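Notes follow the structure.
The values are calculated or read from the model by the stated rules, or taken from the named source; none is laboratory data. Being a predicted model, the structure only gives us computed values, none of them experimental. Here Cβ is always computed from backbone atoms with ideal geometry, including for glycine, and neighbour counts include all displayed protein chains.
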Amino acid sequence: MQAFRFHPAVARWFEQTFGSPTEPQARGWPAIQSGGHVLISAPTGSGKTLAAFLASLDVLFREGVEADLPDEMQVIYVSPLKALSNDIRKNLQEPLTEIRALLHKTERRDVDVRAEV
């Protein structure tokens, strides 16, 4: 995970939860983190959504460690299906909660990153 330049708490959460990245994640993260426009095309269940969201969450958690995040929308995800939106919300809650806990434990900092549908 070091090659992807994630905050240590984000990298630790990912490694504890998944171990290693899938190919779409390993190929997508460097491109996303370089600021380029990225399209990830891969089969269902290959980690595409997490590839996009973890890079975004990493930025938000890094900013939140440095200073309080403004109470405003930072990331917008447009889902083509309501069912997919509900899955994404559910799948975001676990990393948000667990990364927050890791940051509180390691840096004694509460970072308020939220997801709304």
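When the stretch 97-111 is limited to residues that are over 10 Å from Val65 (Cα atoms) and touching a helix residue (DSSP H, G or I) at 6+ places or on another chain (Cβ under 7 Å), the one that is surrounded by the most Cβ atoms within 10 Å (Cβ to Cβ) turns out to be Ile99. Within the stretch 1-19, the set of residues being of a type in the set (S, T, N, Q) and touching a helix residue (DSSP H, G or I) at 6+ places or on another chain (Cβ under 8 Å) comprises Gln2, Thr17.
In the stretch 48-60, the residues that are buried (at least 18 other Cβ atoms within 10 Å of the Cβ) and aromatic (Phe, Trp, Tyr) form Cβ pairs under 7 Å with partners that are modelled with pLDDT under 90 and assigned to a helix (DSSP H, G or I), at six or more places apart or across chains, as follows: Phe53/Leu92.
Do we have Arg12 as over 25 Å from Thr97 (Cα atoms), out of contact with any strand residue (DSSP E or B) (no Cβ under 9 Å at 6 or more places or on another chain), assigned to a helix (DSSP H, G or I) and basic (Lys, Arg) here? Judged against the criteria, Arg12 is not a match. Across the stretch 64-96, the qualifying residues are those that are aliphatic (A, V, I, L, M) and over 21 Å from Asp110 (Cα atoms), and the one among them that is surrounded by the most Cβ atoms within 10 Å (Cβ to Cβ) is Ile88.
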